[in-house]
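**Student:** Below is one structure. I have some questions about it.
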Amino acid sequence: MKKISLLALVLSFLMTSAFAQTEETKKGEGYRFTTVTEVKYTPVKNQNRSSTCWSYSGIGFLECELLRKGKGEFDLSDMWIVAHSYNDKAEKYVRMHGEFNFGPGGAFFDVFNVFYKYGIVPEEVYPANVAGDELPVHGEFDEVATAYVNAIIKNKNKKLSPVWKNGFSAVVQTYLGKFPENFTHNGVSYTPQSYAKSLDLNMDDYISLTSFTHHPFYTQFAIEIPDNWAMESSYNLPLDEFMQVMNNAVDQGYSIAWGSDVSDKGFNWRKGVAIIPDKDFTSDDGSDRARWESLSQNDREKELYSFDKPGKEKVITQEIRQEGFDNFTTTDDHGMVIVGKATDQNGMSYFIVKNSWGTSSSNPYNGFFYASEAFVKQQTINIVVHKDAIPKAIKTKLGIR
């Protein structure tokens, strides 16, 4: 046990030192980042071959909240959330006669709903590795779960079997593990509900925010994305106030659960950067302009997305953001956790993002990356923050107490 504790301490030190290390190792080449502020966070996890980023990021966000509240470092079970969410999703899918989204994806709301309804357990209590895989591999499980609910809907009995939910739950628990009714952790006996209560986290304190013009500002609406299967609502803010919330949250020591599109060419995991380059050429140097105009469209794209150094970024407006959402170029791709802010060598601002793709050498920042403000403005679907992270004037407009 002592060896494991020492390893955890070493890993924690390495993770919290990641930003300082990269400022030195990346000096003189590419992007050079200087951390402005960062919140407390838990180590990077790896969702591996599972479409469960929404759970990893939602749990990562709650783990940040526990650190912020002085509760200490916790490693909560991501798959506990996934398993119970699958059961709830199956019931709704069947009630909707299959005319609804069903699959491994989800939203931040699912994490809070499962926590509230079913409690939570530590990772060691529900690691969900019954198949023997060290990391999640869900291809077969996802296919079997989908086939099961479709068979229930298509059955020829003209009524549903009273035990179909038991059968589906058996599928979930066969692949992810049996739900414990009781467990002992650090010498204390708990149920999932009593353990959740011991963490002293109120799910009603967490607010989802977005910024789109197809609904009135300062109202709530269910964002029209497939993975919002529970049809939970977000508060709608003008873009400038939306960004004000994000900046205020991190500045005041709060993390942010961040849902965003990462399919855009401006996102480069191997470089650890997410940007929106300005494609409109501007220069007082006539020869430089001539060189640019002589390039083919393909060569211009290569230069814009070379990620070899910071460049001018596009000015993102409310209209540009809405156009991206309406035309499916801004989609609900990925859930992450924003844990800080930084600047590059030119003074441009970025958010520091904790991902759930592990800490392999394919990423230069040990599982983190830097998203420019332009990228965040255009590509964000929604965020979740503690209500106290929202400036008072904005909370008043939204009617949040």
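**Student:** How many residues are assigned to a loop (DSSP other than H, G, I, E, B) and without any contact (Cβ under 8 Å) to a residue 24 or more places away in the chain if we restrict to the range 50-91? Even if it seems obvious, please write down each step before you answer.
**Tutor:** Residues of the range 50-91 that are assigned to a loop (DSSP other than H, G, I, E, B), as a first pass: 50-52, 69-75, 77.
Checking which are without any contact (Cβ under 8 Å) to a residue 24 or more places away in the chain leaves us with 70, 72.
Summing the residues that are assigned to a loop (DSSP other than H, G, I, E, B) and without any contact (Cβ under 8 Å) to a residue 24 or more places away in the chain in the range 50-91 gives 2.
**Student:** Which count do you get for residues in the range 198-230 that are in contact (Cβ under 8 Å) with a residue 60 or more places away in the chain and at negative phi?
**Tutor:** Looking only at that region, the number is 20.
**Student:** Find the helices (runs of 4 or more DSSP H) located wholly in the range 133-224 whose residues include 3 or more that are at pLDDT 95 or above and more than 27 Å from the chain's Cα centre (by Cα), and list them.
**Tutor:** Values: elements: 139-154, 164-176, 192-199.
The helices (runs of 4 or more DSSP H) meeting that bar are 139-154, 164-176.
**Student:** Here is a follow-up. If you check every pair at least six apart or on different chains, which have Cβ atoms under 6 Å apart with a residue in the range 233-256 that is in a strand (DSSP E or B) first and a residue that is hydroxyl-bearing (Ser, Thr, Tyr) and surrounded by fewer than 16 Cβ atoms within 10 Å (Cβ to Cβ) second?
**Tutor:** Final answer for the pair search is 236/219.
**Student:** Name the residues in the range 207-232 that are out of contact with any Pro (no Cβ under 9 Å at 6 or more places or on another chain) and closer than 14 Å to residue 259 by Cα, would you?
**Tutor:** 207, 208, 209, 210, 223, 224, 225, 226, 227, 228
**Student:** Still on this model: Condition test on residue 315, is it on the phi < 0 side of the Ramachandran plot, surrounded by fewer than 16 Cβ atoms within 10 Å (Cβ to Cβ) and at pLDDT 95 or above?
**Tutor:** On the way: on the phi < 0 side of the Ramachandran plot: yes; surrounded by fewer than 16 Cβ atoms within 10 Å (Cβ to Cβ): yes; at pLDDT 95 or above: yes.
In short, yes.
**Student:** Which ones in the range 95-112 are in contact with a helix residue (DSSP H, G or I) (Cβ under 8 Å, 6 or more places away or on another chain) and crowded, with 19+ Cβ neighbours inside 10 Å?
**Tutor:** Within the range 95-112, 102, 104, 105, 106, 107, 108, 110, 111, 112 qualify.
**Student:** Within the range 92-124, can you find the residues that are of a type in the set (A, V, I, L, M) and either closer than 21 Å to residue 171 by Cβ or in a helix (DSSP H, G or I) (or both)?
**Tutor:** Listed by number, the residues that qualify are 94, 96, 111, 114, 121.
**Student:** Residue check: is residue 278 touching a strand residue (DSSP E or B) at 6+ places or on another chain (Cβ under 9 Å), of a type outside the set (A, V, I, L, M) and either over 27 Å from residue 38 (Cβ atoms) or at pLDDT 95 or above (or both)?
**Tutor:** So residue 278 fits the description; yes.
Each row is one residue, and each column tells you yes or no for (1) at pLDDT below 90; (2) surrounded by 12 or more Cβ atoms within 10 Å (Cβ to Cβ); (3) of a type in the set (A, V, I, L, M, F, W, C).
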| position | (1), (2), (3) |
| --- | --- |
| 290 | yes, no, yes |
| 293 | yes, no, no |
| 305 | no, yes, no |
| 308 | no, no, no |
| 326 | no, yes, no |
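**Student:** If you check residue 253 against the conditions, is it among the small types (Gly, Ala, Ser) and either surrounded by fewer than 22 Cβ atoms within 10 Å (Cβ to Cβ) or out of contact with any Phe, Trp or Tyr (no Cβ under 9 Å at 6 or more places or on another chain) (or both)? Even if it seems obvious, please write down each step before you answer.
**Tutor:** Details: among the small types (Gly, Ala, Ser): yes; either surrounded by fewer than 22 Cβ atoms within 10 Å (Cβ to Cβ) or out of contact with any Phe, Trp or Tyr (no Cβ under 9 Å at 6 or more places or on another chain) (or both): yes.
In short, yes.
**Student:** Please specify each residue of the range 310-327 satisfying the condition of being closer than 30 Å to residue 46 by Cβ and in a loop (DSSP other than H, G, I, E, B).
**Tutor:** If the condition is that a residue be closer than 30 Å to residue 46 by Cβ and in a loop (DSSP other than H, G, I, E, B), then 310 is the only one that fits.
The values are calculated or read from the model by the stated rules, or taken from the named source; none is laboratory data. Every value quoted in this text rests on a predicted model; they were computed, and no experiment measured them. Counting neighbours? That spans all protein chains shown, and the Cβs are built from the backbone with ideal geometry, glycine included.
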